[in-house]
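Here is the structure we will look at.
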């Protein structure tokens, strides 16, 4: 039965459905090498990220390297929710192999929700850009998905501010920040998104979303003061 194609197919489904924790660890090592090789990240407050148990990292998103930057500077391996459009060509198997979670942002993606919750259920770190897409990176709009994952799993949320990636363009590659330029990554205090009641009603999720946005916005302002950006 070792070579049974049905077993191989089942194994493939499992690997697709459950993001591999070892893959995320490999992704972290790759991210660390690339980010520290091309830029000069300054990481503040990494000790605030709990050393074990489920955690949600909520970062601002102003540039395409924000995700890889956080992947390479976080103190623990991170499984990010990544838009399905990124899973094309050779990036598809690569992103899957390093434990990233493909999500279809145009519909309620139940498969992605299940994979993300599985990360938290086994005590992993889930990375989310709650603004949903790249923008001003100021947490001006926070989608309800973050609140759902936080309330459903009970995982604490750690706000993260990535600063300096969108300030100016590099001379060598115009789409990227200047090579060897400084990028600040500031981790904030973990907090509970829910009100402690255990309710998952729409009203409770809306309140959690508002609570999250207030905490993320406050952390971003504090991070800018600390870094002078």
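We did not get these values from a lab; they are worked out from the coordinates using the rules stated. What you are looking at is a predicted structure, and each value in this text was computed from that prediction instead of being measured. Reconstructed Cβ throughout: ideal geometry from the backbone, glycine too, with neighbour counts over all protein chains shown.
Taking only DSSP H segments of four or more residues, each worth -39500 (n - 2.57), what value at 222 nm results for the chain once the sum is divided by all its residues, to the nearest 500 deg cm²/dmol? Please list the in-between numbers first.
Numbers: 7 runs with 94 residues, N = 229.
Per the formula, -13000 deg cm²/dmol.
Among the DSSP beta bridges whose two residues both lie in the chain, what percent are antiparallel, rounded to the nearest 5?
Numbers: 5 of 23 bridges.
Close to 20 percent.
Grab every C-alpha pair in the chain, bin the distances at 5 angstrom width from 0 up to the longest one, and report whole percents.
1, 7, 14, 18, 21, 17, 11, 6, 3, 2, 1, 0, 0
Using the count of nearby Cβ atoms within 10 Å as a rough guide to exposure, how do 206, 109 rank from fewest to most?
On the way: 206 12, 109 18.
Sorted ascending by nearby Cβ count, the order is 206, 109.
Can you tell me the order of 114-120, 158-164 when each peptide is scored by its average per-residue count of other Cβ atoms within 10 angstrom, highest first?
Details: 114-120: 20.6, 158-164: 25.3.
Ranked by mean Cβ neighbours within 10 Å, highest first: 158-164, 114-120.
Of the peptides 60-72, 214-226, how do they stack up when ordered by the mean number of other Cβ atoms within 10 Å, highest first? Write down the numbers at each step before the final one.
Working: 60-72: 22.3, 214-226: 16.8.
Averaged packing, sorted descending, gives the order 60-72, 214-226.
Find how many whole Å separate the alpha carbon centroid of region 27-53 from the alpha carbon centroid of region 209-229.
After rounding, the separation between the Cα centres reads 20 Å.
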